[in-house]
Amino acid sequence: MSNPLFRVKSVEQSMADTDEPDTKLRKDLTAWDLTVFGVAVVVGAGIFTLTATTAGNVAGPSVSLAFVLAAVACGLAALCYAEFASTVPVAGSAYTFSYATFGEFIAWIIGWDLILEFALAASVVAKSWSSYLADVIGGGGTTVILGGHEYDWGAAALIGVLTTLLVLGTKLSSRVSIVITAVKVGVVLLVIVVGLFYIKKDNYTPYVPEAKTPSGDDSGIRQTLFSWMTGGAGSDYGWYGLLAAASLVFFAFIGFDVVATTAEETRDPQRSLPRGILGSLGIVTVLYVGVALVLTGMVKYTDLADRTENGKVVTSTLATAFEINGVTWAQWAINIGALAGLTTVVMVMLLGQTRVAFAMSRDGLLPRGLARTGRRGTPARITLIVGTVSAALAFFFPMGTLGEMVNIGTLFAFVLVCVGVVVLRRTRPDLTRGFRVPLVPFVPILAVLACFWLMINLSIETWIRFLVWMMIGVVVYLGYGVKHSVLGMRERKELPGYPPRVSDADPTPAAGDGPEATGSR
């Protein structure tokens, strides 16, 4: 009997489980669909909101370089995701990859971490979408105040509609994404072209503004971990600000890893997944850097800083630069692009969350009944649960700094995937890989260092929250997952109809799928 914390689910067993009739996903997606999903989820808050606030409050004109630094880290991690996804084309992304390399406990930890990433990201972005809708419709906006508390019905309504779309089918969701993504990319290109005519070279000076003396709220646990470790005074502007900005705008790239969660629904995963992951990341990097350069060239970065009006803190958006230059019509175009952009971000984040939870449920680490698929080939039960929870978070709670929680969770997942590529190359060199990371182990190690660098440039407060969430996950696993794990129940012969096997057609274990491969160490 293997140690329940370190038992490994073989790649062959993971592949075989995808054929279970009650939990089988429909294979509908192509490389084009995956690229659209990637662009759909990444082009959103980063362009329409985060670029302006980060330039104004943290980095100044060097926000464009911050995007490049974040893109490099994402690109290195994307190579590792592409290899894993083409080798193990199973729903669950980093969770499934970790199960095949590090064992069940680490797989649970990363799955719990991904729940944090996707569910919070969907709620955070839905609230951004709601604020843009409020600008468009005016009046009372999209919130109601009851008993002194503000509730966001706009964000909850958006999540409800998108959850319904996902229940109806992944292919339908992809078609909707194509239309909406075309709209928002068109708006982004319009912004870049029009903005070029209003650039003033003086606005780029100084490119890295002088560091700002921190106020009481910007020191202590609110400063970055790196700033605290090196005795820095704070994280606003200067080189510390640039590094902090790279960690913040990393939020804008979150999502390309969602493509890997759809591996089980892809027709030709060995070819389509690497193209979808790397193609979408390349497209959005060009768009982000272009917008950052135009934005900080149109206005002085200080004009983009948060300001107080009528007792309320007002944050800048992409439209702020056009308003300052008198291009008032652009605000409507930007609002439409933002609504379109954020809509697809929320939808694909919800998709990623449901697929990770689906994989965990199929493995018994969450209730197995949630993994059942309906006649449309989608996990309707878990999709409805995820949608309900995300809508409730968006409706009841102000998101605030929870965006940073999403960042640290994603970076942690990236680190494990990158290390996992090296481990699986050594333990299972016989596996067929549709894509291979070049220069292993150099590239994965570089990716780990880049991700860790971004992690230590997040605030101490974020680290504390992250560690608390992980400790809660350990308690849940020890209290439920250990006992109900399908892999453990197979080993104990407690699961009728599910004996240990590679496939029903071939009861003879494949090479490398004996006790050693399944985790009996």
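Rule-based calculations on the coordinates, nothing more; no lab input. In this text the structure is predicted, and so the values were computed from the model without any measurement. All Cβ positions, glycine included, derive from the backbone under ideal geometry; neighbour counts span all protein chains shown.
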Under the Karplus relation with 6.51, -1.76 and 1.60 and θ = phi - 60°, whole-Hz ³J(HN,Hα) for the range 407-420, x at Gly and Pro, equal 4, 5, x, 5, 4, 4, 5, 4, 4, 5, 5, 5, 5, x
Here the range 31-77 gives, from Cα atoms, an Rg and Dmax in Å of 12.7, 38
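What dipole magnitude, in Debye to the nearest 20, does the range 11-491 give about its Cα centre under +1 on Lys/Arg Cβ and -1 on Asp/Glu Cβ?
Numbers: 32 positive and 32 negative charges, 199 e Å.
So the magnitude is around 960 debye.
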Sequence order, the range 121-130: Karplus ³J(HN,Hα) from phi using 6.51 cos²θ - 1.76 cosθ + 1.60, θ = phi - 60°, Hz rounded, Gly and Pro as x, gives 4, 4, 5, 4, 5, 4, 5, 5, 4, 5
Expressed to one decimal in nm², the mean projection of the alpha carbon convex hull of the range 1-115 is 9.8 nm²
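Kirkwood hydrodynamic radius, computed over distinct alpha-carbon pairs, for the range 91-210: how many Å, to one decimal?
Evaluated on the range 91-210, it is 18.7 Å.
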In whole Å, largest first, the alpha carbons of the range 11-491 cover along the principal axes 65, 48, 44
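Is the shape of the range 352-462 best called rounded, prolate or oblate, per the rule: a/c under 1.5 gives rounded, else a/b larger than b/c gives prolate, else oblate, with a ≥ b ≥ c the square roots of the Cα gyration tensor eigenvalues? Write out the running numbers ahead of the final one.
Working: a/c = 3.12, a/b = 1.22, b/c = 2.55.
It is oblate, given that a/c is not under 1.5 and a/b is not larger than b/c.
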Debye calc, one equal point scatterer per Cα of the range 276-377, no solvent, log10 I(q)/I(0) at q = 0.20 1/Å comes to -1.12
Interchain or sequence-distant (5+) residues whose placed amide H lies within less than 5 Å of the amide H of L29 are T266, R267
From fewest to most C-beta neighbours within 10 Å, the residues E83, E150, E264 line up as E150, E264, E83
Exposure-ranked with fewest Cβ neighbours within 10 Å first, T181, T262 stand as T181, T262
Calc'd 3J(HN,Hα), the range 59-65, phi into Karplus 6.51 cos²θ - 1.76 cosθ + 1.60 (θ = phi - 60°), Hz, glycine/Pro = x, comes to 10, x, x, 6, 4, 5, 5
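Students often check this: by mean Cβ neighbours within 10 Å, which of 417-429, 349-361, 434-446, 289-301 ranks highest, and how do the rest follow? Show your work: numbers first, answer last.
Values: 417-429: 19.3, 349-361: 28.4, 434-446: 16.1, 289-301: 22.8.
My ranking of the peptides, most packed first, is 349-361, 289-301, 417-429, 434-446.
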